[in-house]
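Data block below; observations after.
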Ligand SMILES: Nc1ncnc2c1ncn2[C@@H]1O[C@H](COP(=O)(O)OP(=O)(O)OP(=O)(O)O)[C@@H](O)[C@H]1O
Ligand SMILES: Nc1ncnc2c1ncn2[C@@H]1O[C@H](COP(=O)(O)OP(=O)(O)OP(=O)(O)O)[C@@H](O)[C@H]1O
Ligand SMILES: [Mg+2]
Ligand SMILES: [Mg+2]
């Protein structure tokens, strides 16, 4: 599946710290008030080296990268780039040294074209003919990383699907005008990429490394680390706890270093014959030829798969909209936490109960007692890590915020729950907790319609619709479900 | 002094550019103009009239006047939202051969005819009346002004300041801005009243007397002599107070029908009458003796109005030419 | 969590500054004026509070939401209710009902223009305000329509030296505060204001919520018009003009976020008292008109600048 | 595997087709107000055929010139996702300064302009550093400008320098002066905001300030520069207005604030930040300026005139259904 071969033994020994590091931090610390995001981190990367950075949610990976990229000022610690000790650092200076960063959240301007976004990063792109030069620069890089990408450089970013945006942002980080690129930090770059694009990226990272560009790759997809990195750095709670060359390291050992034991990867559910008398809770006829009707019973877990952006989310939204008009209560768990999930000004309790307010009224008014009770019950059941349910939601880590969103849906009276790729960027442990919960809720008679871009999650489903070009093209069930069948169906080889 | 000019104006058109229509005074003013215009058209004294109101925006009024020029009106009657800001367009209109009559406003462009009150006499009349009632002892006055930065307010206030020189014992203990609006005046006066000593008289600019009275009432203070401004509610309050405790005051103010004066002045200019560049119009004054007669005539909640017909306006013009006393508006029988 | 800096809630600043102005005014004018000054500020502040409470609901319903038609709805409703009541005490309730219905209808029209024509609220409500104003002109704009004696009596009623109407408006403020915290509508409004998409996906009918916010805002403006014409002796065409900027300013200074999703009903009182007492103070100090404007602007900016903002994202 | 990339490409291309094409959206953004403008002109020409002349156009659009500058000034502020409620009173202040000083004490006048623009930029900085809502800060600013203007010039008066009057009444060849100015302003705005490389950064900063900051730009500097530029355009507006009216008046232009906002919106802009069109804004300003005075041609009964303005506003904006995103 992974196209790039792991680096050879010789290579990885060669890239050990024997060379002068391109950049190095010693005892870097970062405090946010009382929160210690970094507690004395040592980190270095040599030219041409690819370092994989792994760790649970909130471990401090993004913070470390922000410190390196100049977008966050470290509280203390030494920092040097090349030979020079760095005192004050900023994105502008970082770029001057050839250091680029692809951030975890999208950092393109939606109202600008790709060429214009490229201009925003490159000071040299100005004066006469800048637009053409910017377009050329980004097109060249896009072609090099994602051959056959088909993204027009004159397109406005907001008009592009999310996968294309991610590609554009990656390409922008690698694009060259006056300064050569020396080091690129990629913070979860593949979370919105399809498999094909992800592999193209990994291949390109190797190629860039062979040309002397250092790369730092942060991802929760450990296979990617195994495939492309020379060295893995493990962070736990703001500290680097382990550093290992990839050669000779197994995936299980890496997971072990992160302090978690990965659950087994067998099929979690056997296809069960729908219990007779189970109600049909979702019944969507499909949109014309080539589009399968989508049906689900109470107790079903139905998956939506396929390459990102092939109409899964639109269909999910349509089903949800239809469900809201129907007789059965429905709920929706958004994957894009920031803009579609959390209510940023509210506490955990307020966020959790918003979907269940109807049942929390006593004498016409919401009962604070009933609210707190419901919130506590579900926060405990999902093991939300917080001092109390009155904690502001934004002070939770992303994974814990996601749990609150799950709790919102599960605490409600919904019989059908729509999951919109909700595990993006969530760490392995949390995922396993949530999978278990979903299965147990389904056993109690709830129906889940689950769109996901992570193939391993599909193991939880008993039936799967694979989407292609806006239509539910293939249905897989039971033992048919497996990565190869899904990929095949995604690319159009699966049926007919 | 040659009376009504009889030149043929049956083909002429007169437009009225009004700066603001958002209070009842202006609404009556517009209707007065329209009625006179319609009657005059019926009598073949002019061809037609038009009214355009800007929404309290000088720039909008200016561009509306530009359009009136373009439409080729013979005369434009202007109630200007600013004393000077319309000078540019007024000049454009004059250059296009249009007769411009600015009324109830201090337009400074010399090519325009002005029909206006003598605002010095406004302040003088108020203070003279108060002096007559209060004597020349030390008395506390409250002045309610219009809006800051407004030309009418400035000219009237200048009149008050001038007249104050003749009454050195009077003291204006505070001034507030009432925007010629009862509700605003009530609020502003209510706010400062607690900090003020006993008030003996209130100087007003019209539209604000009733609100001032409500403020005194609300504060539980005795009603000082508030110079009223010809609104029905003011006159009714005055009458009620008079009946219960012998309260007396006077009422002074512009009439909405000053638009009719401007209309006839414009018509007379078109008809060939020699008209001075400044035509003074008398203020309408109501004293205790005429109160009942006027109150009977003014509609509930409305403004005291009078009719200015063509002969009366010709008389007014002649009086201005001859520097004679202006013909007053007689109290209704 | 050890919160080191003890900081006051944003909405308290209006009260504090209002208090400071009250003290300054009293120091200048003598102790005897203190009671009357605050009574007058309460009486007039009450109207700003009613308009402001409605505006608050609209502002809280999301970024960019604002109702500029408040002054003309206020005026139009005052005319409509005075016409219905025709000076008769027996018709006060129908008059109130007419005003509220008209206000709610105006709010619905505002919302309709915003969604149907996809206009920013600031433009849609401005355009409607022109239309409403025109309607008021035709409703009898040539005269002030007089209120029934009982309505005028109620708005000026004092019991034991205390005015009743500000107390009634305070009760209304408490109702609004309670509604924001403890009713479905309040919760859903604040959810919608924070993120319309998140609210929609959390099962909130965002369209209905915003419609209701605009209708309540219209109704609040109408109620103000109704009460104000009782208090000031009638419905007049320009009675609403003063409430345009003030309704927005009291909402923002009262601790409601213009970014939406967060509202404070009690703080409006602080801001309304601040505005009235500031006017009184500047008048009392006999300052020249230009200086009054200058200080007004400076004070508004100073207050927003020193108030700590709620942290959003 | 290459199969997959082609699918991706095909899909991306198809989505682009479905999502409204950017150039089409841009064209509509400018086209709609232009259509509204043309329709209004047609009404006027129908009523008064002589209006279709050099003289006619001069009169029709004379007062639009200051509004064009005021609207462009508002547009810059809206580009950053802010709103400027002080625009109109600032123009009023500029007319007072101009009428009082420019003729006799040009150096002092220039100094005052520079100070005023610096103050504008300083308020922009305040908004940025303290993260204040621009709507309330600019509301406060509007009182400050008005207060300063009233202190300077307690009632309307003063006189514009003769050269300024002469320039505003100048009759250039080919097209009337207001049209020339509008064309030049639209062109300059397009070159700077839409076309230049710094304009791209500016629009990006309005839409996603974090992204622009991460790319190494100083948002502080951008905001200060934008507010300073907005102040400078407002100064131009005040100069043009003084030239037309020949005098200063503190209360002359409060309506420019909302008219400017309307022109930006009508020109296809939105409050989301970064989404504005200078050409559209200029056309929008001409349209709204004409809409306010169209009434004088239409013979609308006086009591309905202001209502008719509301209706005209709705009519000219109705085309937004075609271009605007669903959310406000
Ligand atoms: N603004 C904040 N104020 C106070 N504490 C915060 C804040 N943001 C985060 N925290 C603290 O940091 C911890 C992790 O938050 P963070 O957002 O960094 O998670 P994360 O590492 O991005 O995790 P995920 O991968 O789940 O998104 C939380 O437990 C919380 O206590
Ligand atoms: N702006 C902030 N304010 C307060 N705390 C913060 C802030 N940003 C990060 N933190 C804290 O720093 C810690 C590290 O966060 P960081 O985002 O670096 O984690 P991460 O390892 O990148 O997690 P993830 O895998 O979810 O991306 C978190 O626990 C969080 O609480
Ligand atoms: Mg991270
Ligand atoms: Mg994170």
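Nothing in this text is a laboratory measurement; each read-out follows from the coordinates by a stated rule. Keep in mind that what you see is a predicted model, and the values were worked out from it rather than measured. With ideal geometry, Cβ positions are generated from the backbone for all residues, glycine too; neighbour counts draw on all protein chains shown.
Remarks
- When you count the other C-beta atoms within 10 angstrom of each residue and take the mean per peptide, A:233-241, A:376-384 line up highest first as A:233-241, A:376-384.
- Counting other Cβ atoms within 10 Å as a rough exposure proxy, the listed residues C:306, B:14, A:151 run C:306, A:151, B:14 from fewest neighbours to most.
- Each peptide among C:15-22, C:54-61, B:75-82, A:186-193 gets the average number of other Cβ atoms lying within 10 Å of its residues, and from highest to lowest they stand as C:54-61, B:75-82, A:186-193, C:15-22.
- As computed over chain C, the Cα convex hull volume per residue (Å³): 157
- Between the beta carbons of residue D:192 and residue D:122, assuming R0 = 22 Å, the FRET efficiency works out to 0.45 to the nearest 0.05.
- Mean per-residue shielding of peptide C:137-150 is 6, counting Cβ atoms of other chains within 10 Å of each Cβ.
- Whole-number D in µm²/s for chain D (Stokes-Einstein; Kirkwood sum over Cα pairs; 4 °C, 1.567 mPa s): 62
- The spacing between segment A:297-371 and segment A:401-435, judged by their C-alpha centroids, is 10 Å.
- Taking chain B as a Gaussian network of alpha-carbon nodes connected by springs under 10 Å, the highest mean-square fluctuation of the residues B:289, B:97, B:159 belongs to B:289.
- With Cα atoms, 0 to 90° folded angle of helix A:162-174 axis to chain A main axis: 10
- Restricting the calculation to Cα atoms, the protein assembly as shown yields a radius of gyration followed by a Dmax of 36.2, 119 Å.
- Each residue in A:336, C:89, B:208 was given a count of other beta-carbon atoms within 10 angstrom of its own, and listing them fewest first yields C:89, A:336, B:208.
- Over chain B, DSSP H runs of length four or greater, each weighted -39,500 (n - 2.57), average out per residue to a 222 nm ellipticity of -13000 deg cm²/dmol.
- Residue mean of other protein chain beta carbons inside 10 Å, D:203-211: 6
- Segment B:15-71 and segment D:187-260: distance between their alpha carbon centers, rounded to Å: 37
- Dividing the helix sum by the residues of chain D, where each DSSP H run of 4 or more adds -39500 (n - 2.57), gives a mean residue ellipticity at 222 nm of -23500 deg cm²/dmol.
- Taking the C-alpha atoms only, the angle from helix D:22-47 to the longest principal axis of chain D is near 40 degrees.
- Average other protein chain Cβ within 10 Å of Cβ, residues C:280-288: 5
- Measuring spread by the Cα atoms of segment A:280-491 yields a radius of gyration and Dmax of 17.3, 57 Å.
- DSSP-defined antiparallel bridges as percent of all bridges, segment A:272-419, nearest 5: 65
- Measuring nothing but alpha carbons in chain A and taking Rh as the Kirkwood radius, the Rg to Rh ratio lands at 0.98.
- Centre-to-centre, using Cα atoms only, segment B:269-333 and segment A:155-227 are separated by 86 Å.
- Per residue of chain C, the DSSP helices (runs of n ≥ 4 H) give a summed -39500 (n - 2.57) that works out to -24000 deg cm²/dmol at 222 nm.
- For A:226, C:165, B:29, D:168, order by how many other beta-carbon atoms lie within 10 Å, fewest first: A:226, C:165, D:168, B:29
- Calculated FRET efficiency, residue C:28 to residue A:339, Cβ-Cβ distance, R0 = 41 Å: about 0.20 to the nearest 0.05.
- Chain lengthening between residue B:133 and residue B:326 when straightened (0.36 nm per residue, less Cα-Cα): 66.9 nm
- Chain B: most fluctuating residue of B:133, B:114, B:155 per GNM, C-alpha cutoff 10 Å: B:133
- Between the Cα long axis of helix D:197-207 and the first principal axis of chain D there is an angle of about 80°, rounded to the nearest 10.
- For chain B, built as a Gaussian network whose Cα springs stay under 10 Å, the top-fluctuating residue of B:302, B:246, B:72: B:246
- Sequence ranges D:106-118, C:39-51, ranked by mean other-Cβ count within 10 angstrom, highest first: C:39-51, D:106-118
- Computed from the C-beta positions of residue D:103 and residue D:129, the FRET efficiency with R₀ = 60 Å rounds to 0.95.
- Fraction of antiparallel bridges per DSSP, chain A only, in percent to nearest 5: 50
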